[in-house]
Every structure is written in C-alpha cells, then in structure tokens.
1. Which condition does T27 not pass, out of (1) closer than 19 Å to E137 by Cα; (2) among the β-branched types (V, I, T); (3) in contact (Cβ under 8 Å) with a residue 60 or more places away in the chain, if it passes all the others?
2. Please count how many residues of the stretch 159-203 are in contact (Cβ under 8 Å) with a residue 60 or more places away in the chain, outside any helix (DSSP H, G or I) and aliphatic (A, V, I, L, M).
3. Would you be able to tell me the number of residues in the stretch 37-71 that are more than 25 Å from A166 (Cα to Cα), out of contact with any Asp or Glu (no Cβ under 9 Å at 6 or more places or on another chain) and surrounded by 13 or more Cβ atoms within 10 Å (Cβ to Cβ)?
4. Mind telling me which of the residues N135, N142 ends up being assigned by TED's automatic domain parsing to the domain that holds V23, free of Cβ contacts under 8 Å to residues at least 24 places away in the same chain, in a helix (DSSP H, G or I) and of a type outside the set (F, W, Y)?
5. On the given criteria, is T158 at pLDDT 95 or above, of a type in the set (S, T, Y), within 15 Å of the chain's Cα centre (by Cα) and within 21 Å of D64 (Cβ to Cβ)?
Amino acid sequence: MDKTEKTERYNIFNLIHKGLRRVLYDTALQLQRADFGSDEESQRVLSQLDLTLNYFEGHAEAEDMFILPAIQRFDPAMVQDFESQHVEDHRLGHLLMLLKENVMSEDNAKGRISAATELTHAFNEFVGFNLYHMNKEEAFINPLLWTHFTDLELQAITQQIIQNIAPQKLITLNRWMMRSINLSEATEWLSNVRKNAPAEVYNGFLVMAAEELEPETWLQLRNKMNVNGENGRPDTQMITNSPRN
C-alpha cells in the first residue's frame with residue numbers, strides 16, 4: 001500500500017480532536033448563558049472551564065511527547081511551528097486561569113458578572129485558536145505521518161499516548177469522544193475494543209455508547225454490533241436496559 005495514500009488511512013487525531021471540539025463548544029455555551037450572579041452556577045461553570053483547560057494542556061503535552069518527536073527528523077521546521085503554537089496555547093490557557101481567579105475574587109454579583117464577561121471573551125479567543133490549531137494539525141501533520149508511518153505504527157503511538165493518561169481522566173475523555181462521533185466511527189472503535197480488549201472492557205464501552213450516543217445512533221450501533229446476540233458476554237441485560245435504549 002502506498003503510504004501517501006489518504007483513503008482510509010488511520011487518522012491519529014480524529015477521535016480526540018472531535019472530543020476536544022465538543023468540550024470547547026459545550027464550555028463556550030455554558031459560559032455565555034451562565035448566570036454569574038449565582039454562586040452555585042458560577043462554581044459549576046468555572047469547574048467546567050478547569051476541566052477544559054486540563055484537557056487541552058494534557059493534549060498539547062501528549063503531542064509534544066509522542067507525535068512531534070516522531071516527525072522531527074522529517075520536517076524540523078514544522079515541528080518548531082507547532083511547538084510555538086503550543087506555547088501560545090499555554091499562554092492563552094494561563095490567561096484564562098487568571099481571569100477565572102478574577103471572577104472568583106469578586107464578592108458581589110455585579111462585579112462577578114463584569115469579570116465573567118471578560119473571561120468569556122477570552123475563552124472565545126481560546127476556542128478560535130484551538131479550532132484553527134487542530135485543523136492545521138490534521139492538514140499538515142497527518143500527510144507527513146502517512147508518508148513515513150504505517151497505520152500499525154501510528155496506532156502504536158496512540159497506545160503510548162493512552163497509556164500515559166490517568167485512568168479516570170481517560171474514562172471522561174472517552175465519554176466526550178463517544179458523544180462527538182458518528183455511527184461509522186463508533187462502530188469501528190467498538191469493533192477494535194471487542195477484538196483487542198477483555199469482555200468486561202468491551203461491555204463497559206457498550207454501556208458508555210448507550211449512555212452517550214443519540215438514541216437512534218445507539219439503536220443502529222446495537223444492531224451493527226449484534227449486541228442482543230453477544231453470547232458469552234457479561235452484563236448484556238444492563239446494556240439492553242440502558243436509559244439510551
């Protein structure tokens with residue numbers, strides 16, 4: 001197979017970028033409609049902001065540790081460009097943390113609302129930067145990876161990244177990804193889990209899919225994966241009775 005052929009090549013960014021975009025959209029929506037006059041709602045939304053910044057900081061670190069070194073010898077100028085973008089991303093994230101502290105330090109609703117407006121505007125810049133950044137990664141890094149690595153080699157890099165993520169964080173990231181992908185992607189993901197993971201892990205992914213996918217998508221996935229006919233798989237009753245069923 002020609003390694004430069006893009007058709008059906010493994011996209012190392014696809015699932016995680018879809019999940020991260022969903023996090024950005026969700027957090028931006030929460031920020032713009034939050035009532036920062038309410039202490040409780042302010043805390044809830046600011047906690048979501050913390051989660052978002054943690055995800056993006058960790059994602060940049062993973063790319064710096066595993067993906068950019070893989071292409072360093074092929075295009076050092078490109079690596080330097082993306083490393084500088086990660087520095088800018090960190091700067092924007094740090095600014096958001098400072099603005100979040102400003103919101104939290106306000107002891108009255110009027111002051112908190114004013115500080116939250118500045119925070120929301122800064123987060124919108126963070127969203128714009130990261131959406132463009134992720135697009136550039138897929139447009140420029142993927143072709144370089146496809147030229148020099150097989151799909152199996154790229155999947156091995158993905159496994160290195162996954163093994164470097166704390167288990168609880170990985171679970172929440174998996175949920176964001178699951179709720180952000182289409183039927184074909186969910187089918188391929190679960191098929192790989194069924195093939196390579198223990199039965200209890202596969203069942204856990206099925207439950208997650210039932211909870212996170214849209215009801216119609218879950219029904220289609222259940223039929224494609226033949227969930228009702230999974231002989232020897234534990235907890236199928238729990239899956240069948242999922243609230244998403």
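The values are calculated or read from the model by the stated rules, or taken from the named source; none is laboratory data. Nothing here was measured: the structure is a model prediction, and the numbers come from that model. Glycine gets a Cβ as well: all are built from the backbone with ideal geometry, and neighbour counts include every protein chain shown.
1. Only one criterion in (1) closer than 19 Å to E137 by Cα; (2) among the β-branched types (V, I, T); (3) in contact (Cβ under 8 Å) with a residue 60 or more places away in the chain is unmet by T27, namely (1).
2. Total meeting the criteria: 2.
3. 3
4. N135
5. Here the answer is yes, as T158 does meet what is asked.
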